[in-house]
Structures are given as structure tokens and as C-alpha cells.
Amino acid sequence: METQLDPMKDDLPLMANTSYMLVKHYVLDLDVDFKSKVIEGSIVLFFETGSQYRKTSSAGKECCQSQFDETCKMRASEPCHIPMINVSTCSSKMECNDFPVSGKEEATSDENSNHSNNEQASGISSSKDCCDIEDHGNKDFLLVLDCCDLSVLKVEEVDVAAVSGIEKFTRSAKLTGVSKELENLRNRIVHELVTLPADRWKEQLHYFTHCSQAPGCGELLFSTGTWSLEIRKSGIQTPADFPHAIRIWYKTKPEGRSVTWTTDQSGRPCVYTMGSPINNRALFPCQEPPIALSTWQASVRTAAGFVVLMSGENSAEPVQLREGVLSWYYYVSMPMPASTFTIAVGCWQEVKQQSFKQKAAIATNIGFSLPSSQTDLRWHEEICGHVEYPCRFQNPAARLQAVIPYRVFAPWCLTESCEECLLQLIPQCLSAAYATLGTHPFSRLDVLIVPSNFSSLGMASPHIIFLSQSVLPGGSHLCGTRLCHEIAHAWFGLAIGARDWTEEWISEGFATFLEDIFWARAQQLSHDEMKGQQELKALLRWRRLRDEVQNSEEELQVLRPKKESTGELSESGASVVKYGLKAEKIFMQVHYLKGYFLLRSLARTIGEVSYLASLRKFVVKFHGQLVLSQDFLSMLLEDIPKQKQSGLTVESIFQNWLDTSGIPKPLLEEGETWKECQLVQQVSGEVTKWIQTNQRMRKSSKKKMKQDEVVFQQLLPDQLVLLLEFLLEEKTLCPRILQCLESTYQLREQDAEVRH
């Protein structure tokens, strides 16, 4: 039974019917126009028939196929229809009803009825409307893509058979089967192309490029709704017969929620994806469900002077197309959800450092990085469990690369700050991450300081990290910890993704837990120093979690809100992200904090050495795949069978940590232990001094206290945060206390967390 999706609720609908057709590759060809604040162009999608239809077909359902050879004889000379429309010259006000294919809907309901962008009812369809797999009598198959805030201009089938050299894919033995239409030849070509083995990825990319430039061979009917783009071809009733390569001409809207148009800190225009709750569906039509793992390539044109950064394996160099216009090209060969695609276009400046300094920083850290990773090489010999792609875990050179190539970009006015702090931290943090988890999943990294309207401290995407300007001032602590957090997402959140987006803790909990380990190793702390900092951080996070639990709705505090239904999809593949659009959820950290405390509790129970070894094994086994909570927990408990004997089970972890609101019971029992940490006790001593000083100042308000009456210790940034939190719990503070705090600790020169 298909779930009816209500767009007015707080749940984010994922409309794409991925069970029937699954996108394997995107080719974007876009122009960025800062005057109109519009990104315009086309996207070509290459599909495979989805698992649900393949199951239905293999069970004996009729696939409507006839002899392939006979079809070729009948239709070989059929000319392709190339629409005589130059989309690039259309006016900005042109909607899809400017094209003949998308005129106003007629009163009849026969198969030739067309839909226009003016017909926007709910945009939410049940499976009965989307595709009738059981009855092939009179219903056209409907392809549903996730889409909103876009002006779709035209949709057409792509004649991949017209590409020079593509005939090599038609000679395959697999193509001697049956077919009803010549269109099936095109679909078989696409099938051969998307299933090429990993060692032919360059050839595959070459043909994706040429196929995306092939002429159209017939416009398709389409309609847009609140959350979806629905496409059909008259007379085509099954996913197998539907075109497997389609081109969509479209343009974004200035108010679209996937990107933000703004100015950088130097006052220059820029646009970037800022991690919207609706992800990328207002940037390009796509399949949003995580299961739609795909590769992509993109050519982006913009005015000279602008730099295009993007999720891509290559460090793109601009090509001048004509005077004043540059083109940037990126690609990825590792399949990932479309939601991880990221772009930033602006007048960014690359921040560079003297080469000898950079090499010295890298050399300093490689020494302590290699040994622990080398012990994991036996795991790398296993066969990867993901779909086939050129995997770094199978590359001997990549497995020994402690520091991947990296670049730093920023607005012009922040380049000096980046050079002083950020640039030297990156190799240290990358090396520390490698020492902890082993092989870097991605081949390179760009780090961009994004505009001041960025609402977070950082965001990680494949090959690129966005950082807030707030991490730059006040020393290296905040910058280093945030950088470590985002680097951790390369493994947890990107290389390993949650199969159900409601399980955010799989990404954020792991990154929060690992940032402490990475940062301690980057600083090369002793064991005692590392433990002290981690206990202090745990207390700060416990206080934050306690406050959040007291001031938020219970339903938003559950890490697995769908419980036993987690990971389940409707028949078509559509689903919802529970509470995905709830406004207050954006500001909550419960998935970070409860996830972190669960992982910390498991590490304490199992022992850190064994626990980190299990994490590395989990990464090797599940990289390139989507997981649920039980995948990690089951593997962990199987690795350490004695934990099962002590009563620790997946079910008990669900009950105590993931399926309930509030602070987990095991955490309540641990809450007091962090106060015994030496760094916390130092803060407690300083708090006592300040409270006594505050009392004396209030009693002797007319007298000036001598500077040498009280001696205060210098504190670490996290200690300062805890000190200020304790003092804020006092009923009253003398104004002069605030002045003394400022002068004693130079608060205005501290990092953003202390100043906050």
C-alpha cells in the first residue's frame, strides 16, 4: 500500500520512484548568471531499470518485447526528431507552455493529454498514479523525479545511438535478445555504458560526455508539482521501455532553496549550496533517496574572474570559451547520493604557502601516521562490498597516502588569516585521520571559507569542505576541531552513508566522536593530555545535551524516529524524511550529542584499542555503501562476543539509546564522573575564586580591588567555555567582574565559542 505524502507536514517527501528506474549518472551543462541570479542549462540523466520492476519481470510478468533483429530491420532508417528550439535564447519569463509539447491540458483524459507547469496541484502522487506495473492495458509509465523551485523548459529523449563509435556497445552478445522498438536499442546501449567495469571508467566518462551531447529524438510529456517532476512518453507503459537517457532543459529561480545568492566578505557576488533541508532538488531535477547512488560530471560556465569549486575528483582548470567567459569541468567516479553534490561559485582566491613550510608540516605528521594504518593492510586485501567503481581501498599507492592533495580558497580579505592558521592545520588533521581510520576515501580536498551568511561552522561534501569564517580567529583550537569533524565525514556520512536519512547520528555522531581523536593526534598529545581534553569535552557536551533535552520537543530527541520501520520504502521507492522540514530541527544537536555519547559508551565498554580496530574494519567492509544502525552494532558485537554475554545487544542499545527521547539512562549514571577530571577541577577552582571576587566587589562597590589580590590561571578554550557557563548560573554578577574577566582572559581575542 503506497503512503500518501502530505507536503504541508514537517516531513520531507522523497518522491522519486527509484524502485522502477534508478539514475546511474548525471551530466550537467550549466551557465551561472549573477545579474539574474539564475543557473540555467541542461541535465542528462542515464538510468537503469529499477529493482522492483526487475523482480516483477523475473516473476513472469510480460515485458512487452519482440524480436530485436526484426525491429532493427524495420526501424534502422527512421530519422531522429531534433526539436528546432534554441533553449538558450528563450526569454527568462518563458515557461514550459511556450513549447508545443506542453500546452494546456485538454478536458479529455486520453494518453495524448499534455500537462504544463501551470497545472500544479499537489505534485504528490500515489503509486497507482505513478506506475501501474500489474496492468499494462492503458496506463503510461510515469517517471517521478525530486524537483522544486525550478522552471522546467523542456524534456526530451536523447538519441545515444547517434554517437560516433557507440556501435561497439551494440555488438555485445547481450544485444541479441528481443525488443519491440528501436528505442530499446538506445536503452541497451545505456545499459552497456552504465555497467562498464571499473577499469574502463575513463572510457565510460568519455562516452557519457558524447552521449550527453547527442541530439534529441522526441520530446517527452511532463508536469511539475510542489515536490516533483513527472515525465511520461505516450504509449510507453513499463520502466524497461521508457527512455533510459533523457535531457531536461531548466533554470533555477532566484528564491530557490538549494543555493544561496549573496556577497562574500570582500563584497563580491557569489552563489553556493549551503546544505538546505531540501538538498539539491532546487538546483537540478534528481533522485533524492539515498539508494540512488550515482556518479556525475558537470561543465559550468561563468564570467571571467569567478572560480567554480565543486564536488569533483579533479582539480579543475578553467578553459576560456570566448572573451570574458570561462568553463570549469568536474567529475566523480564513485557513486554517491545526489544530495552530496556541492557547488560554490565566487571570486575565491587560492591561499598558498611557501612550499618548504608545507612539506615540513606534512613530514612532521607522516611519521606517527603510518604504523597504525599499516596494521590494517590485511583488511584491504578483501573484496570490496560496494558496486564496482575505481576504489582507493584497492589502490596500493592510495592506501599509503597519509595526506591527500589539498587546496584552500577564501575571499580576498581572509587569505592572510587562512595562511596563518588553516593552511598548516590541514596536513596535520588529514594525517591524524589516516592514522585513525586508514585509507582516505577521496583523492583530494578543497577547503573553502564561505560567506558570513553560512549558518553552520562547517559542511563536508565529496572532495570539498565549507568552513565558516568564525573558525579563523582566536588560535587553532576551534579551527582544528571543526576541520577534524568535517574530515571525519569523508568516512562517515560520505563514503559510508545512512540508508535512511532519519538516522543522522550515523554521520554526525561518528564525526563528533572522531573529531576528538583526530585533534588529539594532530596535536600529538600524550595519553593523559588526550584523556583530560576528552573528559572536559564530554562534560561540555553533556551540559549542552541536557539543556537541549529540556528545551525541545520529545519527538525530535529520538535518534531512530521510525524505529522498526527505519529503512523501509514504499513500493515505488518513495519515502519521507521524518521531521525533515521542521524548522527547529535545523538548530538541534541531539543527533551529534546522543550519537557521540553512544559511541563513547561503547568505546569505554569495549576498550579504545579494540574499538578503533573495529571502526577501521567497519570502514573497510562498508565503504561505498549505505547502512542502518544495526549494520554497525551487529558487526561490533560479533567482533567482541564477550559483550553479548554481558547483556549488551543490538536490541538493548536501541531501547536505551536510539528509540527513546531524553538523556539515555546509561549516560545519567556517568554524568558525575567527568567532574573528577583535572582540567574540570581547575575550572571549578577558578569559578570559586571568581564567585568570591564577585561577592567582595558587590560589598565594596566604591573601592577598587588591587590587581594582585587574586591570581587566576590561564585556561584552555574549552575550559574558558565551561568557566563562563558556570558563572552564568550565578544569580547576579557585578559589572566589574565582566571587565575583569575580559582583561584576565583577553576574551575578545578568543575563538568564536568562547566569545559566544
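Quick notes on this structure:
- Checking each residue in segment 483-504 for being assigned to a helix (DSSP H, G or I) and either closer than 22 Å to H386 by Cα or of a type in the set (D, E, K, R) (or both) picks out E486, I487, A488.
- Screening the candidates Y272, Y331 for the property of being under 15 Å from G256 (Cβ atoms), of a type in the set (S, T, Y) and touching a Gly at 6+ places or on another chain (Cβ under 8 Å) yields one hit, Y272.
- Of the candidates A344, A298, the single residue that is part of a strand (DSSP E or B), of a type in the set (G, A, S), touching a residue at least 24 places away in the same chain (Cβ under 8 Å) and touching a Cys at 6+ places or on another chain (Cβ under 9 Å) is A344.
- When the strands (runs of 3 or more DSSP E) confined to segment 193-237 are screened for residues that are hydrophobic (A, V, I, L, M, F, W, C) and at pLDDT 95 or above, those reaching at least 1 such residues are found at 221-224, 228-232.
- Residues of segment 265-289 classified as open to solvent by less than 10 Å² (accessible area, probe 1.4 Å) and outside any strand (DSSP E or B), total: 10
- Qualifying residues in segment 309-327 (those that are touching a Phe, Trp or Tyr at 6+ places or on another chain (Cβ under 9 Å) and in a strand (DSSP E or B)) - the one most open to solvent (accessible area, probe 1.4 Å): V319
- Flag for L448 being open to solvent by less than 40 Å² (accessible area, probe 1.4 Å), within 19 Å of the chain's Cα centre (by Cα), of a type in the set (A, V, I, L, M) and modelled with pLDDT of 95 or more: yes
- Considering only residues in segment 607-631 that are in a helix (DSSP H, G or I) and of a type in the set (A, V, I, L, M), the one that is farthest from P561 (Cα to Cα) turns out to be V609.
- Test: residue in segment 613-636 that is closer than 28 Å to I383 by Cβ and surrounded by fewer than 14 Cβ atoms within 10 Å (Cβ to Cβ): yes
- Residue under evaluation T605, criteria (1) loosely packed, with under 15 Cβ neighbours inside 10 Å; (2) without any contact (Cβ under 8 Å) to a residue 24 or more places away in the chain; (3) in the same structural domain as R560 (by the TED database), criterion not met: (2)
- Some residue of segment 558-570 being among the hydrophobic types (A, V, I, L, M, F, W, C) and out of contact with any strand residue (DSSP E or B) (no Cβ under 6 Å at 6 or more places or on another chain): yes
- Looking only at segment 574-584, and only at residues there that are outside any loop (DSSP other than H, G, I, E, B) and surrounded by 18 or more Cβ atoms within 10 Å (Cβ to Cβ), the one that is nearest to the chain's Cα centre (by Cα): V577
- A count restricted to segment 425-467 and to residues that are outside any strand (DSSP E or B), under 24 Å from C391 (Cα atoms) and hydrophobic (A, V, I, L, M, F, W, C) stands at 8.
- Residue that is most open to solvent (accessible area, probe 1.4 Å), among those in segment 396-429 that are within 22 Å of the chain's Cα centre (by Cα) and in contact (Cβ under 8 Å) with a residue 60 or more places away in the chain: P405
- Answer from S258, S164 - the residue that is under 25 Å from the mean Cα position of the chain (by Cα) and among the small types (G, A, S): S258
- Residue in segment 548-573 that is nearest to the chain's Cα centre (by Cα), counting only those that are closer than 27 Å to E725 by Cα, without any contact (Cβ under 8 Å) to a residue 40 or more places away in the chain and open to solvent by 70 Å² or more (accessible area, probe 1.4 Å): E553
- Of all the criteria given as (1) surrounded by 11 or more Cβ atoms within 10 Å (Cβ to Cβ); (2) modelled with pLDDT under 90; (3) charged (D, E, K, R), the one not satisfied by K699 is (1).
- For the condition at negative phi and touching a residue at least 40 places away in the same chain (Cβ under 8 Å), L636 does not qualify.
- For segment 39-76, the set of residues classified as modelled with pLDDT of 95 or more and open to solvent by less than 20 Å² (accessible area, probe 1.4 Å) consists of I39, G41, S42, I43, V44, L45, F46, F47, listed by residue number.
The values are calculated or read from the model by the stated rules, or taken from the named source; none is laboratory data. Keep in mind it's a predicted model, so treat the numbers as computed, not measured. For neighbour counting, all protein chains shown are included, and Cβ atoms are generated from backbone atoms with ideal geometry for every residue, glycine included. The accessibility values were calculated without ligands, DNA or RNA, using every heavy atom of the protein model including side chains. Shrake-Rupley method; radii C 1.70, N 1.55, O 1.52, S 1.80 Å.
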